[in-house]
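What follows is a set of notes on a single structure, which appears directly below.
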């Protein structure tokens with residue numbers, strides 16, 4: 001879409017001046033974001049990072065270090081010889097008066113006896129001013145086979161139902177550690193370690209929800225991920241959650257833990273008692 005307002009013209013001009021960081025994002029994602037997997041049978045293990053085989057005797061507790069590329073692998077029992085991983089990653093930057101959130105689609109292809117192939121492309125940019133005005137630079141988002149396509153250009157900010165808002169807001173699983181955020185976002189707890197929420201969701205939710213801010217600053221990403229669709233449970237069992245925070249209790253299965261709290265409540269147990277709320281073996 002052609003820029004129509006002064007703000008859109010300025011954003012389009014600044015966006016065209018942003019450096020290409022595809023190679024930097026791939027180099028970081030290969031080590032820190034993608035899963036390192038090996039497929040094992042009784043007679044061999046295939047390292048999907050370098051494609052080479054090694055003896056299954058090197059596997060200990062479903063982990064192994066490839067003797068060819070020195071990569072620490074998670075071992076899965078399978079006869080598979082190929083693998084594919086897709087994820088969204090992001091980087092935050094400050095450009096002039098804008099907080100810029102750059103989102104990338106990363107696809108990795110793995111095959112036995114060959115080196116992996118990585119493909120990355122920038123698909124979405126949010127340009128956000130301190131007063132809340134925002135413009136979107138993105139590729140066309142089709143729901144068909146092709147997904148994101150076309151060139152990066154000014155797009156309409158979709159305002160409407162919950163579902164359509166997601167056309168302009170994707171959840172990046174990881175943010176590059178060199179990301180830079182404005183101080184107001186850092187005070188909210190939003191930084192490169194953000195998990196469980198997209199940047200826009202966090203920026204719009206946290207100022208109006210002290211509970212979400214507490215969970216984010218405590219790095220309780222498992223509860224933040226549960227927060228958006230089950231906010232009523234967070235509100236209902238907030239005293240029990242605070243007990244978990246004080247006791248540094250990590251919840252491995254959040255859905256099961258809330259079912260467990262409902263069971264405790266059914267039998268009139270004390271939900272303010274760490275003995276019940278923080279079981280050693282859920």
Candidates 218, 203, 212, filtered to the one that is in contact (Cβ under 8 Å) with a residue 60 or more places away in the chain and not assigned by TED's automatic domain parsing to the domain that holds residue 259: 203
Flag for residue 198 being closer than 22 Å to residue 124 by Cα, in contact (Cβ under 8 Å) with a residue 24 or more places away in the chain and in contact with a strand residue (DSSP E or B) (Cβ under 8 Å, 6 or more places away or on another chain): no
Failed item, numbered, when residue 9 is tested on (1) in contact with a helix residue (DSSP H, G or I) (Cβ under 7 Å, 6 or more places away or on another chain); (2) surrounded by fewer than 15 Cβ atoms within 10 Å (Cβ to Cβ): (1)
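Yes/no matrix, rows are residues, columns are (1) in contact with a strand residue (DSSP E or B) (Cβ under 8 Å, 6 or more places away or on another chain); (2) modelled with pLDDT under 95; (3) outside the structural domain of residue 157 (by TED's automatic domain parsing):
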| position | (1), (2), (3) |
| --- | --- |
| 1 | yes, yes, yes |
| 31 | no, yes, no |
| 50 | no, yes, no |
| 69 | yes, yes, no |
Residue that is more than 18 Å from residue 32 (Cα to Cα), assigned by TED's automatic domain parsing to the domain that holds residue 152 and surrounded by fewer than 16 Cβ atoms within 10 Å (Cβ to Cβ), where the choices are 96, 122: 96
Among (1) more than 19 Å from the chain's Cα centre (by Cα); (2) over 25 Å from residue 134 (Cα atoms) - the single one residue 210 does not satisfy: (2)
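The values are calculated or read from the model by the stated rules, or taken from the named source; none is laboratory data. Everything numeric here is computed off the predicted structure, so don't read it as measured data. Ideal geometry is used to build each Cβ from the backbone, glycine not excepted, and the neighbour counts take in all protein chains shown.
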